[in-house]
Amino acid sequence: MFGDQKRSSKKDVRARVKSILSQIEGKELIKKSELVSNNLHELFSGNSTLDKIIPPREEGFFFGGFAPLKDEPNWLICLEEVLKGLIAFPGLDKFGNMVFYKADKKDLVLTKTFGAPVQTPPPSNLVVHPKIILVPGLAFGENGSRLGRGKGFYDKYLEGFSGLKIGVCFSEQIVDELPMEPYDVFVDYVVTDKKTFGPRES
């Protein structure tokens, strides 16, 4: 019964956030995306803790991003050139597990790999292991709690991920109380167009 209540709560939050996002006009989404991307750039540029994790051109360093859906922040605006050659995007391997492939934005193609139209890298690209991952979500809490779109791809991948996890969303997607279950994964930072929350203490 308790689990059913949690699932119902997640369903309610998803519906509420989707409704809020659908009311934001395209021009406003672009403006808010620029602010999100700029806040990410500032986080990486002015944080002495992150400086130790993000050496500019360390061999083997990759940055895990995502191709934003129309209601997700375009985090690439300020970072695409800065991270050129270091970005990896999610796709699925032959077993259906999410992995990251080295790719530039221009390499991505529209597929239904994750069950809905989304841009993904060619599966022939190099599989890499990012040290930092930007994590999309429908809703986040200030404490790093996260609500995805219900497929569980990120939760499964992040279970064994030891690097830095940064949630990315619009300020309207921050909620006060977010139901979390044992398999749900917290992120270390949450970056919005208005504020950066974190780091989360383990």
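Can you report the number of residues in the stretch 142-196 which are open to solvent by less than 40 Å² (accessible area, probe 1.4 Å) and without any contact (Cβ under 8 Å) to a residue 24 or more places away in the chain?
Residues meeting the conditions: 1.
Given the criteria buried (at least 18 other Cβ atoms within 10 Å of the Cβ) and in contact with a Gly (Cβ under 9 Å, 6 or more places away or on another chain), does P122 qualify? If you could, list the steps in order and put the result at the bottom.
Working: buried (at least 18 other Cβ atoms within 10 Å of the Cβ): no; in contact with a Gly (Cβ under 9 Å, 6 or more places away or on another chain): yes.
Here the answer is no, as P122 does not meet what is asked.
Could you look through the stretch 105-115, keep only residues that are in a loop (DSSP other than H, G, I, E, B) and without any contact (Cβ under 8 Å) to a residue 24 or more places away in the chain, and pick out the one that is surrounded by the fewest Cβ atoms within 10 Å (Cβ to Cβ)? Full working, then the answer.
Within the stretch 105-115, the subset in a loop (DSSP other than H, G, I, E, B) is 108, 112-115.
Narrowing the set further to residues that are without any contact (Cβ under 8 Å) to a residue 24 or more places away in the chain leaves 112-113.
On the way: K112: 9, T113: 19.
Selected residue: K112.
Going through the stretch 164-185 one residue at a time, which ones are under 30 Å from E25 (Cα atoms) and under 12 Å from the mean Cα position of the chain (by Cα)?
Matches in the stretch 164-185: K165, I166, G167, V168, C169, F170.
Just to check your reading of the model, which residue among F100, F61, F66, F95 is outside any loop (DSSP other than H, G, I, E, B) and under 21 Å from L126 (Cα atoms)?
After ruling out the rest, the residue left standing is F100.
Yes/no per residue for (1) at pLDDT 85 or above; (2) part of a helix (DSSP H, G or I); (3) more than 20 Å from the chain's Cα centre (by Cα); (4) at positive phi:
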residue	(1), (2), (3), (4)
S8	no, yes, yes, no
L29	yes, yes, no, no
N39	yes, yes, no, no
P73	yes, no, no, no
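The values are calculated or read from the model by the stated rules, or taken from the named source; none is laboratory data. What you see is a predicted model, and the numbers here were worked out from it, not measured in a lab. Neighbour counts are summed over all protein chains in view; Cβ atoms, including those assigned to glycine, are modelled from backbone coordinates with ideal geometry. Heads up: the accessible areas ignore ligands, DNA and RNA and are worked out on the full protein's heavy atoms, side chains in. Shrake-Rupley method; radii C 1.70, N 1.55, O 1.52, S 1.80 Å.
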